[in-house]
Amino acid sequence: MTKLTVAALQLALNADIETNIYAVSDLVEEAAARGAQVILPPELFEGPYFCKVEEEALFATARPVYEHSCVLAMQKLAAALKVAIPTSFFEQDGQQYYNSLAMIGPDGELMGVYRKSHIPDGPGYEEKYYFRPGNTGFKTWDLFGTRIGVGICWDQWYPECARAMALMGAQLLFYPTAIGSEPYDATLDTRHMWRRAMQGHSVSNCMPVIAANRIGVEDGQAFYGHSFITDEWGELVERFDGGETGVLVSTVDLALAAKHRAGMGFFRDRRPDLYGRLSVDR
């Protein structure tokens, strides 16, 4: 396949998981009706972003992948619409808890699970209390004749993550996200640098990036949306601002992107022999 149509969803979420599943499902159906084949909802769309506080009772909301309501609902929807849905969810695996993504293929089957590698810990984003660092390594997935990579939120700030997925053969990068205001500093607005960081991944790997973020105010914390899709040059071909609910859809010319990627020489001119410092933990 030389072309792929992708979509990013943006919406506000509330405390009722079933209401959120219905809202996301409606947008998935809209995206599919507009031709989207891979449809990206935001991170942890099951409910409000709960990592603002450390509350042990919230661990009870996690479920194993084959029992999670969001995963089960998206599997049914993916099979009905013949689309792929990277589905973020709060995973319980025995005594361990992860911020995870179930890759659901167009037959509705679970292709596997990616567990978020980079876990933030700061005011309003206290994820280390809830989630172990992922133990899956970075993952890529073969869909519709191409290969995609998916990171989760904080992963999106790390060029190493994007490059690793590209070296694993990804031709597009997807990032489900939950990000907004910084409770410790009301003057800090990260929405533009958040977007620019991923546009940089798009440029440096010469491939499209698709990011989906939530919107709305949750217990005083404002989530700023700004979901987007780039082309392989990092240009914003589709974008939302902070208030829109809806679907972004774009068709990617994979053959043209591959031609540009080869021509730019970013992978030809790598010097892995000089990058040893990147793997030293100090």
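Each reported figure results from applying straightforward, stated rules to the coordinates on display, with no laboratory input. Quantities reported herein were computed from a predicted structural model and do not represent experimental measurements. Because the Cβ atoms are built from the backbone with ideal geometry, glycine has one as well, and the counts that use them run over all protein chains shown.
Numbers for the structure displayed
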quantity: Positive dipole terminus of the stretch 3-265, leading residue within L40, I21, M168 (C-beta point charges); calculated: M168
quantity: Option label - Cα extents along the principal axes in Å computed here, alternatives [x] 52, 48, 39; [y] 45, 42, 37; [z] 50, 44, 34; calculated: [x]
quantity: Within a Gaussian network of the chain (alpha carbon springs, distance under 10 Å), most fluctuating of V113, V247, V24; calculated: V113
quantity: Over the chain: helical MRE at 222 nm, DSSP H runs n ≥ 4 each giving -39500 (n - 2.57), nearest 500; calculated: -7500 deg cm²/dmol
quantity: Tensor-based shape of the stretch 106-157 (alpha-carbon gyration tensor, a/c under 1.5 rounded, otherwise prolate or oblate); calculated: prolate
quantity: The stretch 183-244 versus the stretch 23-89: alpha-carbon centroid distance in Å; calculated: 19 Å
quantity: Gyration tensor verdict on the stretch 155-282 (Cα atoms; rounded if a/c is under 1.5, prolate if a/b is larger than b/c, oblate otherwise); calculated: oblate
quantity: Where Cα atoms sit under 15 Å apart: lysine pairs in the chain separated by 8 or more or lying on different chains; calculated: 4
quantity: For the chain, share of DSSP beta bridges that run antiparallel, in % to the nearest 5; calculated: 75 percent
